[in-house]
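FYI, it's all coordinate maths here, none of it is from the lab. Because the structure is predicted, anything quoted here is derived from the model rather than measured. Cβ placement follows ideal geometry from the backbone for every residue including glycine, while neighbour counts extend to all protein chains displayed.
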Amino acid sequence: MQPRDVAGTGETVLWTCTGVGFMMFGRTRVRLVRGDITHQETDAVVNAANSSLMGGGGVDGAIHGAGGPAILSECMEIRRTRYPEGLPTGEAVITGGGDLRARHVIHTVGPVWRGGGSDEERLLAAAYRNSLRVAQENGLKTIAFPSISTGAYGYPVEKAARTALSAVEGFIEENPFLDEVVFVLFSEGDYEAYSRALTELW
Ligand code: AR6
């Protein structure tokens, strides 16, 4: 299975055995692309945030940078009204998309990798599942995920990819409301890890 360039978009997609560049989980199309999540036009993009919801580096910095101050101001309101102690790991909340092409941002907090014995796998799966639950509650049909926790939080990408894909597949099976899930992988290595996990799991 080889990644292929898609008509000058600069993104690559997994050319699956379906021969049409995506995988079907029930009625939901699942695509892996290499690229920048801030360019996605899905109903929502997911932010790998931290509990403060006040921004940070990595994908969090890119989303707040491209989306502008409206996102941060909604995050501050969420902190004030719902999560004064911060958003717990594995939970998810939604804001508007500000200047992004996506109309919404779903902010979730993945676990920090501490060697695997600190409930990391369950918490990572919860971050994906709770993001999808928020999408469902808001009537969204398409969503883009980054590789949560595999940057600053140090989660090994091969393990994270398997957990991410299994969690999404499990949720979609129980709640078949989505048209499309896109995994937006920033590096070639991450893209390859998710490609391998997809072929291993299915
Ligand atoms: N589009 C898609 N993926 C990206 C982008 C982008 N524009 N930028 C980076 N990545 P990280 P975490 C990838 O560190 O590990 C922040 O400071 C990156 O290559 O963004 O969950 C938060 O505020 C990596 O594969 O998130 C938290 O404090 C993946 O996104 C902390 O980092 C996740 O890396 C969260 O750490």
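Tabulated data for the structure shown
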{"read-out": "Residue in region 105-115 that is charged (D, E, K, R) and either crowded, with 24+ Cβ neighbours inside 10 Å or not in a helix (DSSP H, G or I) (or both) present", "value": "yes"}
{"read-out": "Subset of region 151-165 [over 13 Å from the mean Cα position of the chain (by Cα) and either more than 15 Å from Pro111 (Cα to Cα) or part of a helix (DSSP H, G or I) (or both)]", "value": "Val157, Glu158, Lys159, Arg162"}
{"read-out": "Matching entry among Ala102, Ala92 (being touching a helix residue (DSSP H, G or I) at 6+ places or on another chain (Cβ under 7 Å) and either on the phi < 0 side of the Ramachandran plot or touching a residue at least 12 places away in the same chain (Cβ under 8 Å) (or both))", "value": "Ala92"}
{"read-out": "Total residues in region 116-140, condition over 12 Å from Pro156 (Cα atoms), in a helix (DSSP H, G or I) and of a type in the set (Asp, Glu)", "value": "1"}
{"read-out": "Residue identified as within 8 Å of the ligand (Cβ to nearest atom), outside any loop (DSSP other than H, G, I, E, B), among the small types (Gly, Ala, Ser) and out of contact with any Asp or Glu (no Cβ under 6 Å at 6 or more places or on another chain) among Ala62, Ala70", "value": "Ala62"}
{"read-out": "Test result for Gly97, buried (at least 19 other Cβ atoms within 10 Å of the Cβ) and either closer than 25 Å to Gly189 by Cβ or away from the ligand (no atom under 11 Å from the Cβ) (or both)", "value": "yes"}
{"read-out": "Residue within region 167-176 that is within 13 Å of the ligand (Cβ to nearest atom) and not in a helix (DSSP H, G or I) present", "value": "no"}
{"read-out": "Residue satisfying condition, being buried (at least 19 other Cβ atoms within 10 Å of the Cβ) and near the ligand (Cβ under 9 Å from one of its atoms), within set Ala92, Ala44, Ala48, Ala102", "value": "Ala48"}
{"read-out": "Test: residue in region 148-160 that is in contact (Cβ under 8 Å) with a residue 40 or more places away in the chain and away from the ligand (no atom under 15 Å from the Cβ)", "value": "no"}
{"read-out": "Count of region 130-152 residues which are touching a Phe, Trp or Tyr at 6+ places or on another chain (Cβ under 6 Å) and crowded, with 20+ Cβ neighbours inside 10 Å", "value": "3"}
{"read-out": "Cβ-Cβ under 6 Å pairs, at least 6 apart or on other chains, region 68-87 side closer than 14 Å to Ile106 by Cα, far side surrounded by fewer than 16 Cβ atoms within 10 Å (Cβ to Cβ)", "value": "Leu87/Ser51"}
